[in-house]
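The values are calculated or read from the model by the stated rules, or taken from the named source; none is laboratory data. Keep in mind it's a predicted model, so treat the numbers as computed, not measured. Every residue, glycine as well, gets a Cβ built from its backbone with ideal geometry; the counts of neighbours run over all protein chains shown.
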Amino acid sequence: MSASSVAIRSLVRRPAFTLTLVLTLTLGIGVTTTMFSVVDAVLIKPLPFPHGEQLVTVMEANPAARQKTSLIAPGRLEDWNAENRTFTALSGAYTENLTDTSGGEPERLRGRRVAPRYFAVFEPTPLTGRLFTPDEERFGGPHAAIIGEGLWSRRYARAPDVVGRRLVFGGVGYTIVGVVPDVFTGAAIDVWVPAQIQPMVLRVREARFLTGVGRLKPGVTIAQGTADLLRVQQSLGERFPASDKDWAVSVTDMKDVRVGSYRQALWLVFAAVGLLLAIAIANVAGLMLVQLHRRARELGIRQAIGGSRMQVVGAVMREVLLIAAAGLVAGAAASWWLERVFVATFSTVPRVNEVALDWRALGFATLVIGTAALAFGLWPALHVTRRHLALAIAQAGTRGATVRHRLQTSLVVGQIGLGILLVASAGLMVRTYYNVTHVDAGFSTEHAITFHVGAAWSEDRNRVGDLQERLIAELQRLPGVVDAGLTNFLPATGATLRYQVTLEGIATADENGKITVGERTASPGYLRALKVPLIAGAWCPPLHTDFKTPFKAMVNRAFADRYGPDLIGRHFAFDQIVGSHEIVGIVGDVIEDGPAAAAAPYVYACESAGSWPDPQYVLRTEGDPRAVMASVREIVHHLDAGRAIFGVQTIDDVIAGAFDQPRLNARLLSLFAAAAIVLAALGLYSLLMLLVTERTRELGVRMALGASPARVMRLVVAGAGRTVALGIGLGLALTLAVTRMLAAVLFAVSPLDTVTLVLAVSAFGAVAAGAAAIPAARVARLDPLVAIRAE
């Protein structure tokens with residue numbers, strides 16, 4: 001019989017033991033490999049383009065302003081591209097929702113208009129067709145479009161003859177010239193079209209609306225590229241002092257920009273998974289140690305009939321490798337499934353569409369399982385076989401040598417310590433999520449819904465304004481509608497707009513004599529629809545299409561607190577806009593920059609209808625707001641049959657998206673913490689069962705000499721208590737050691753929050769009591785005579 005067959009038969013004879021080890025490894029390997037795939041795709045791998053490490057995001061910057069980065073004016077971007085020495089290409093883009101009317105029904109497409117050289121920066125390989133030509137990128141050139149893989153699959157079933165078909169935007173036909181893969185962009189984009197910026201716009205150096213991208217030349221660092229563009233910008237400041245003086249540049253690694261604040265969250269979760277894996281391996285090592293102690297006589301006999309210590313260890317390791325292989329296969333299958341669950345559940349995580357169980361993930365899983373096999377197999381095997389053969393056989397039936405289980409006790413202490421850290425971290429994340437979701441938002445989401453109506457920035461603004469004015473009026477007349485309005489961006493959605501303004505009569509300003517404010521374009525119906533309170537003054541005037549009316553605006557409480565309560569009637573002016581805005585009212589603070597951000601000064605500009613062609617429409621109704629959407633679609637179709645309605649969401653759902661990161665942290669860490677508690681309980685249970693088994697004769701003698709069952713039970717519970725106490729002490733020490741890392745992702749709770757730590761310790765205390773109950777009950781039922789005669 002082969003050695004492998006012997007190992008398989010040995011494991012089959014112990015099905016419960018074998019299955020427990022395989023399932024434990026499956027859990028550890030599956031979860032760890034899944035999170036490795038996520039971290040690898042999002043944080044470690046370069047962007048999926050040729051020499052992705054050369055790609056950067058380029059922005060304008062005002063060193064004197066609190067909000068330093070700004071979008072780029074197209075003319076300035078062209079100057080940077082022409083005069084720099086360190087970039088192979090610089091370009092830019094802006095997002096615009098486009099309504100395609102080439103089919104039977106208008107369809108909204110997620111679009112992006114791109115400046116010249118945009119695809120030259122990224123160098124993607126088209127799935128079919130080609131990229132834009134210079135003629136198509138210039139003003140007045142042929143109208144062309146490149147579509148994404150998602151649209152190609154959804155609408156055209158990946159038809160190879162999609163190149164040459166036409167899309168129609170605003171009555172203008174665009175020929176599809178190519179298809180790019182989904183991984184090309186970090187956002188979900190359906191179509192790219194050349195911006196074809198007019199020469200007149202290129203001369204307006206204050207028209208900042210492009211997000212810049214660039215590719216550094218080989219060997220050039222970000223610092224060198226930044227210095228080079230600063231040189232160019234300083235030269236532009238001398239030539240165009242009115243618009244370019246004192247402005248600088250910001251060059252940032254594109255991968256860092258795409259990942260954003262998810263970096264800390266993902267590393268935190270990956271660290272938690274690592275702790276869970278360590279607990280799982282420690283648990284498996286403890287169970288293996290128990291099993292090998294029980295087989296001490298068998299292993300000793302193997303040596304007695306001629307087997308060397310290494311041969312005995314080799315036999316044990318063959319069993320270990322079979323268990324590890326089964327855990328690897330099952331763990332890889334679990335990871336394949338968990339990755340799909342993660343992608344579907346956390347679709348807003350950047351680069352999540354690149355997550356896959358590839359050779360890197362399988363290599364990681366193999367390395368982990370190999371290391372685990374050495375930890376839970378070779379170490380216990382060497383520990384059990386290190387004693388002299390005769391002593392091993394002689395003591396195989398004597399259960400009193402406590403040295404045998406010191407290793408397992410250490411493993412259980414480590415499991416409990418890591419578990420305390422994981423449970424405490426999960427508790428802190430849950431507290432953070434609770435605190436974030438219970439911040440006073442400054443508005444009400446109840447019975448409110450939002451949607452878009454397709455409109456392009458290139459359209460006639462008076463026509464768009466007339467549509468918006470009539471649409472809002474019709475919506476406000478709908479039965480069941482309390483109020484209706486529009487805004488450029490909803491709160492807490494990541495649109496942190498900052499502008500420099502001059503406020504008349506101000507006593508305090510930034511170093512450059514300006515003040516920095518957030519901005520929203522809003523109609524009065526929008527603020528009322530969200531029940532934003534009016535503190536002083538009046539609402540914005542009703543929405544009208546009139547671009548010559550003097551500008552008016554409202555400001556928030558934070559603005560008034562910082563710059564004085566007597567603001568009604570005073571004027572301020574944006575740096576980029578000719579003319580001034582009169583302040584007509586003060587409203588309450590809204591979590592515009594997110595629930596965890598302090599309230600900043602904001603202005604709500606009462607602009608003409610049509611000033612923002614593609615706004616967020618917001619409705620508040622008396623009942624379920626989704627019930628009125630059929631009527632809304634009828635109204636839009638009546639006003640303009642070529643307009644598509646899209647982006648329909650309740651405000652509750654919109655705001656819930658702002659909680660993705662704390663929700664991810666809280667949910668995953670809580671899941672891992674629960675698994676850690678189960679594994680630690682299993683480890684403690686196996687240790688106590690080993691102790692009871694090895695001390696059966698000793699406990700029987702104690703009971704025969706008059707010790708009561710309760711006293712003997714206290715011996716077992718006391719042993720468990722000492723182990724748990726050591727583990728809790730280790731866990732608290734570990735929690736103290738990582739307070740700085742935890743503090744970076746917490747909100748309104750201390751890393752050493754007493755309530756959270758007490759709950760974590762209590763949880764493990766309760767679990768320990770449950771784990772000790774079965775061995776203690778077994779002791780209480782011992783027959784002293786049977787126990788004394790036990791081997």
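Computed values, structure above
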{"read-out": "Residue check, ARG711 more than 40 Å from the chain's Cα centre (by Cα) and assigned by TED's automatic domain parsing to the domain that holds VAL779", "value": "yes"}
{"read-out": "Hits in the stretch 521-560 - residues which are at positive phi and among the small types (Gly, Ala, Ser)", "value": "GLY537"}
{"read-out": "Qualifying positions in the stretch 486-505 - part of a loop (DSSP other than H, G, I, E, B) and among the hydrophobic types (A, V, I, L, M, F, W, C)", "value": "PHE489, LEU490, ALA492, ALA495, LEU497"}
{"read-out": "Condition met for THR371 (of a type in the set (S, T, N, Q) and in a helix (DSSP H, G or I))", "value": "yes"}
{"read-out": "Any chance ALA538 is in contact (Cβ under 8 Å) with a residue 12 or more places away in the chain, out of contact with any Asp or Glu (no Cβ under 8 Å at 6 or more places or on another chain), surrounded by fewer than 22 Cβ atoms within 10 Å (Cβ to Cβ) and over 28 Å from ARG461 (Cβ atoms)", "value": "no"}
{"read-out": "Unmet requirement for LEU266, which otherwise passes all of (1) assigned by TED's automatic domain parsing to the domain that holds PRO124; (2) crowded, with 18+ Cβ neighbours inside 10 Å; (3) under 30 Å from the mean Cα position of the chain (by Cα); (4) over 19 Å from GLY129 (Cβ atoms)", "value": "(1)"}
{"read-out": "Some residue of the stretch 759-769 being within 28 Å of ALA282 (Cβ to Cβ), exposed (fewer than 13 other Cβ atoms within 10 Å of the Cβ) and either modelled with pLDDT under 80 or not hydroxyl-bearing (Ser, Thr, Tyr) (or both)", "value": "yes"}
{"read-out": "Test for PRO50: is it more than 29 Å from PHE169 (Cα to Cα), outside any helix (DSSP H, G or I) and within 25 Å of the chain's Cα centre (by Cα)", "value": "no"}
{"read-out": "Sole exception among (1) surrounded by 16 or more Cβ atoms within 10 Å (Cβ to Cβ); (2) within 25 Å of the chain's Cα centre (by Cα); (3) outside the structural domain of ALA744 (by TED's automatic domain parsing); (4) in a helix (DSSP H, G or I) for ASP256, by number", "value": "(1)"}
{"read-out": "Some residue of the stretch 699-710 being modelled with pLDDT of 80 or more and over 25 Å from VAL22 (Cα atoms)", "value": "yes"}
{"read-out": "Residue count, the stretch 359-377 (criterion: surrounded by fewer than 16 Cβ atoms within 10 Å (Cβ to Cβ) and over 14 Å from GLY30 (Cα atoms))", "value": "5"}
{"read-out": "Any chance ALA282 is crowded, with 20+ Cβ neighbours inside 10 Å, assigned by TED's automatic domain parsing to the domain that holds SER670 and in contact (Cβ under 8 Å) with a residue 40 or more places away in the chain", "value": "yes"}
{"read-out": "Residue under evaluation ALA73, criteria (1) of a type in the set (Gly, Ala, Ser); (2) farther than 24 Å from SER243 by Cα; (3) surrounded by 20 or more Cβ atoms within 10 Å (Cβ to Cβ), criterion not met", "value": "(2)"}
{"read-out": "Criterion (buried (at least 22 other Cβ atoms within 10 Å of the Cβ) and of a type outside the set (Phe, Trp, Tyr)) met by exactly one of LEU734, LEU726, LEU684", "value": "LEU684"}
{"read-out": "Filtered residues of the stretch 153-168 (kept if under 34 Å from the mean Cα position of the chain (by Cα) and under 19 Å from ASN97 (Cβ atoms))", "value": "ARG154, ARG155"}
{"read-out": "Selection within the stretch 675-714 - of a type in the set (A, V, I, L, M, F, W, C) and without any contact (Cβ under 8 Å) to a residue 60 or more places away in the chain", "value": "VAL678, LEU705, ALA707"}
{"read-out": "Any hit, the stretch 630-649, residues being over 21 Å from GLY518 (Cα atoms), within 30 Å of the chain's Cα centre (by Cα), assigned to a helix (DSSP H, G or I) and not small (Gly, Ala, Ser)", "value": "no"}
{"read-out": "Options ASP483, ASP466; residue that is closer than 30 Å to ILE197 by Cβ, outside any loop (DSSP other than H, G, I, E, B) and in the same structural domain as VAL584 (by TED's automatic domain parsing)", "value": "ASP466"}
{"read-out": "Residue within the stretch 612-619 that is in contact with a His (Cβ under 9 Å, 6 or more places away or on another chain), surrounded by fewer than 17 Cβ atoms within 10 Å (Cβ to Cβ), in a loop (DSSP other than H, G, I, E, B) and in contact (Cβ under 8 Å) with a residue 60 or more places away in the chain present", "value": "no"}
{"read-out": "Residues within the stretch 110-137 that are touching a strand residue (DSSP E or B) at 6+ places or on another chain (Cβ under 7 Å), under 22 Å from TYR156 (Cα atoms) and of a type outside the set (Lys, Arg), tallied", "value": "8"}
{"read-out": "The stretch 477-490 residues that are on the phi > 0 side of the Ramachandran plot, paired with ones that are surrounded by fewer than 15 Cβ atoms within 10 Å (Cβ to Cβ) and in a loop (DSSP other than H, G, I, E, B) (beta carbon under 7 Å, 6 or more apart)", "value": "GLY480/GLU622; GLY480/GLY623"}
{"read-out": "The stretch 512-555, residues that are assigned to a loop (DSSP other than H, G, I, E, B), hydroxyl-bearing (Ser, Thr, Tyr) and closer than 26 Å to ASP652 by Cα", "value": "SER523"}
{"read-out": "Where a residue in the stretch 548-572 is not assigned by TED's automatic domain parsing to the domain that holds ALA536 and its partner, wherever it lies, is of a type in the set (D, E, K, R) and buried (at least 18 other Cβ atoms within 10 Å of the Cβ), with Cβ under 9 Å and at least six apart", "value": "none"}
{"read-out": "Any hit, the stretch 745-755, residues being part of a loop (DSSP other than H, G, I, E, B), at pLDDT 80 or above, in contact with a helix residue (DSSP H, G or I) (Cβ under 6 Å, 6 or more places away or on another chain) and at positive phi", "value": "yes"}
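One line per residue, one yes/no per condition, for (1) touching a helix residue (DSSP H, G or I) at 6+ places or on another chain (Cβ under 9 Å); (2) part of a helix (DSSP H, G or I); (3) under 22 Å from PHE17 (Cβ atoms):
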site: LEU322; (1), (2), (3): yes, yes, yes
site: ALA326; (1), (2), (3): yes, yes, yes
site: GLY331; (1), (2), (3): yes, yes, yes
site: VAL349; (1), (2), (3): yes, no, no
site: PHE364; (1), (2), (3): yes, yes, no
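Here's the yes/no breakdown for (1) crowded, with 21+ Cβ neighbours inside 10 Å; (2) at pLDDT 90 or above:
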residue	(1), (2)
ARG166	no, yes
GLY170	no, no
GLY173	no, yes
GLY186	no, no
TRP192	yes, yes
ARG205	no, no
THR221	no, yes
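To keep it simple, each residue is scored yes or no on (1) without any contact (Cβ under 8 Å) to a residue 60 or more places away in the chain; (2) within 16 Å of SER458 (Cα to Cα).
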| position | (1), (2) |
| --- | --- |
| GLY103 | yes, no |
| PRO106 | no, no |
| GLY140 | yes, yes |
| GLU149 | yes, no |
| ALA159 | yes, no |
| THR175 | yes, no |
